[in-house]
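**Student:** Below is the structure I would like to discuss, written out as structure tokens.
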Amino acid sequence: MKFEIIEHTGDVGIRYFGSTLKELFSSAINGTAFIIGDPGKNCSRRKTELSLDFSDYQDLMMQIIDKVIFSFEVDEILYDSITDFSLDNHSARISMDGCTVEADFQYRYILKAPTYHKMEINPEQGYGIQIFDI
């Protein structure tokens with residue numbers, strides 16, 4: 001695992017790690033999926049493609065994590081990894097892979113939303129922090 005759980009008063013978070021931006025974002029997505037729950041061993045894998053415009057890395061992370069939470073709640077797909085990641089100025093093209101939610105899904109937390117509270121993305125030092133409202 002390239003992330004660790006951070007307990008936070010009334011909330012939960014992750015500290016995630018990576019030596020590249022792709023690894024950082026993928027670790028954050030993987031950590032977010034882990035916090036939501038365990039889809040089990042027999043899930044069907046799904047992919048999605050995202051094209052996003054962003055102002056900075058925090059904005060991009062919020063958009064991606066919002067997509068993970070929304071897709072879980074609405075489409076019943078838990079995206080847990082990034083397979084392709086490219087940036088061009090303030091545009092991103094991202095492919096995510098995840099599992100469909102089956103009857104044996106084991107919840108850990110119900111996430112409302114990612115927050116900017118204590119949010120940090122530090123590519124130079126290879127880590128980031130994300131706190132979630134639960």
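Read-outs: derived from the displayed coordinates by stated rules, not from any lab. What you see is a predicted model, and the numbers here were worked out from it, not measured in a lab. Quick reminder, even Gly has a Cβ in these numbers, built from the backbone with ideal geometry, and neighbours come from all protein chains shown.
**Student:** Can you give the helix-only mean residue ellipticity at 222 nm for the chain, where every DSSP H stretch with n ≥ 4 adds -39500 (n - 2.57) and the sum goes over all residues, rounded to the nearest 500 deg cm²/dmol?
**Tutor:** Numbers: 2 runs with 30 residues, N = 134.
Taking each H run of at least 4 residues, the total per residue is -7500 deg cm²/dmol.
**Student:** For an R0 of 22 angstrom, estimate the FRET efficiency from the Cβ-Cβ distance between residue 125 and residue 7 and round to the nearest 0.05.
**Tutor:** So the FRET efficiency works out to roughly 0.50.
**Student:** Something else about it: Can you tell me the alpha carbon radius of gyration of the stretch 95-134 divided by the globular rule-of-thumb value 2.2 N^0.38 Å?
**Tutor:** Values: Rg = 14.2 Å, N = 40, 2.2 N^0.38 = 8.9 Å.
Its radius of gyration relative to the 2.2 N^0.38 Å reference: 1.59.
**Student:** I've got another one for you. In what sequence do 78, 52, 111 fall when counting other Cβ within 10 Å, fewest first?
**Tutor:** Details: 78 23, 52 15, 111 20.
Sorted ascending by nearby Cβ count, the order is 52, 111, 78.
**Student:** Could you calculate the FRET efficiency of residue 100 with residue 70 from 1/(1 + (r/R0)^6), where r is the beta carbon distance between them and R0 is 25 Å, rounded to 0.05? Please list the in-between numbers first.
**Tutor:** Working: r = 15 Å, r/R0 = 0.60.
Step by step, r from the Cβ atoms, then E = 0.95.
**Student:** Among all the aspartates and glutamates, which ones have a C-alpha under 12 Å from residue 41's C-alpha, if same-chain residues fewer than 8 places away are not counted?
**Tutor:** Residue 41 reaches 102, 104.
**Student:** Can you compute the radius of gyration and Dmax for the stretch 1-81, using only the Cα atoms, both in Å?
**Tutor:** 12.9, 38
**Student:** Continuing with this model, one more query. Quick one: the Cα spread of the stretch 68-123 along its three principal axes, in angstroms, biggest first?
**Tutor:** The Cα atoms of the stretch 68-123 stretch 41, 27, 18 Å along the principal axes, largest first.
**Student:** Would you look at the GNM of the chain, springs on alpha carbons closer than 10 Å, and say which of 31, 98, 40 moves the most?
**Tutor:** For the chain, modelled as a Gaussian network with Cα springs under 10 Å, the answer is 40.
**Student:** For the stretch 7-97, which trypsin sites (Lys or Arg not before Pro) pass both filters: DSSP loop (anything but H, G, I, E, B) and at most 13 other C-beta atoms within 10 Å? Provide the component values of the computation, followed by the final result.
**Tutor:** Values: sites: 15, 22, 41, 45, 46, 47, 67, 93; in loops: 41.
Those satisfying the criteria are 41.
**Student:** Can you give the direction-averaged projected area of the convex hull of the alpha-carbon atoms in the stretch 12-133, in nm²?
**Tutor:** Values: hull surface 27.9 nm².
Its Cα hull, projected and averaged over all orientations, spans 7.0 nm².
**Student:** Another one. If you stretched the chain out fully between residue 51 and residue 117, how much longer would it get, using 0.36 nm times the residue separation minus the C-alpha to C-alpha distance?
**Tutor:** Numbers: separation 66, 0.36 × 66 = 23.76 nm, distance 2.56 nm.
Net length gain for the segment: 21.2 nm.
**Student:** Only four residue types carry charge here, +1 at the Cβ of Lys and Arg and -1 at the Cβ of Asp and Glu. Report the dipole size of the chain about the Cα centre in Debye, rounded to the nearest 20.
**Tutor:** Values: 12 positive and 22 negative charges, 50 e Å.
Value, rounded to 20: 240 debye.
**Student:** Another question, if that's okay. What percent do you get for the relative contact order of the stretch 12-133 when only Cα pairs under 8 Å and 6+ apart count?
**Tutor:** Taking the mean separation of contacting Cα pairs over the length of the stretch 12-133, I get 37 percent.
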